[in-house]
1. Accessible area per residue of region 1-77 at 1.4 Å probe, in Å²?
2. Can you count the Lys pairs in the chain with C-alpha separation below 19 Å, eight or more apart or on different chains?
3. If one computes the Cα centroid of region 99-137 and of region 9-72, what distance in Å separates the two points?
4. Near the amide H of HIS84, under 5 Å away, which other amide H atoms are found, from residues 5 or more places off or on another chain, if H is placed in the peptide plane?
5. Counting only C-alpha contacts under 8 Å and six or more residues apart, can you give the relative contact order of region 40-149 as a whole percent?
6. Tell me which residues come under 5 Å, amide H to amide H, from TYR132 once H is placed; ignore anything under 5 positions away on its chain.
7. Springs between alpha-carbon atoms under 10 Å, Gaussian network over the chain: tell me which of MET31, MET47, MET115 tops the mean-square fluctuations.
8. At 7 Å along the Cα-to-beta-carbon direction for both HIS93 and SER48, put a label point, then send me their distance in nm to one decimal.
Amino acid sequence: MAQTKNFRFEELLDKHHLKKTGARLRVLSMMYSKNTATSQPDLESVMSDIDRVTLYRILNVFEEKGIIHKVFDLNGTANYAVCHADCGENHHHDEHLHFNCTNCKNVYCLDDLHMPRLNLPEGFKADSFTLYASGLCPKCSKKSAVTIN
Ligand SMILES: [Zn+2]
Ligand SMILES: [Zn+2]
Ligand SMILES: [Zn+2]
């Protein structure tokens, strides 16, 4: 199982002409294994053997290549989430709702929601836009229902 997964990440790096380093593969496999966004401190705590600068560069280059996108949590900390097929180099299409859970602080990408069409005033041209919502995620709302009862 783990091998097939790694293989896919190596292909992904090849596709973007990135060298296949162990650190890059590990960052990818961690980010793809979660259904929430990951902050740099999260990554640092799991990969304490990779120094911060390296990690920072990895995240930057992945963002540039359209592999991951940046989302902010409720504290304004940058988190990173995996992109979908239509993102490319310097070209992101992550127009989906970002849901910040006020309880567990996780950030979720809700891809399946239909986004409103923007009617911008004359002269404005948007390349991208992001919508944020905050509240309780399914896990936390279940928990709070239990305490109320
Ligand atoms: Zn993207
Ligand atoms: Zn939650
Ligand atoms: Zn997202």
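The values are calculated or read from the model by the stated rules, or taken from the named source; none is laboratory data. Source: prediction; values computed, not measured. A quick note on method: Cβ atoms are made from the backbone with ideal geometry, for glycine too, and the neighbour counts reach across all protein chains shown. Accessible surface is based on the protein model in full, side chains and every heavy atom, while ligands, DNA and RNA are left aside. Shrake-Rupley method; radii C 1.70, N 1.55, O 1.52, S 1.80 Å.
1. Per-residue value: 60 Å².
2. Summing the qualifying lysine pairs gives 14.
3. Going from one Cα centre to the other spans 23 Å.
4. Placed amide hydrogens put nothing under 5 Å from HIS84.
5. 20 percent
6. Sorted by chain and number, the residues that satisfy this are HIS98.
7. Residue with maximal mean-square fluctuation among MET31, MET47, MET115: MET115.
8. Modelled inter-label distance: 4.2 nm.
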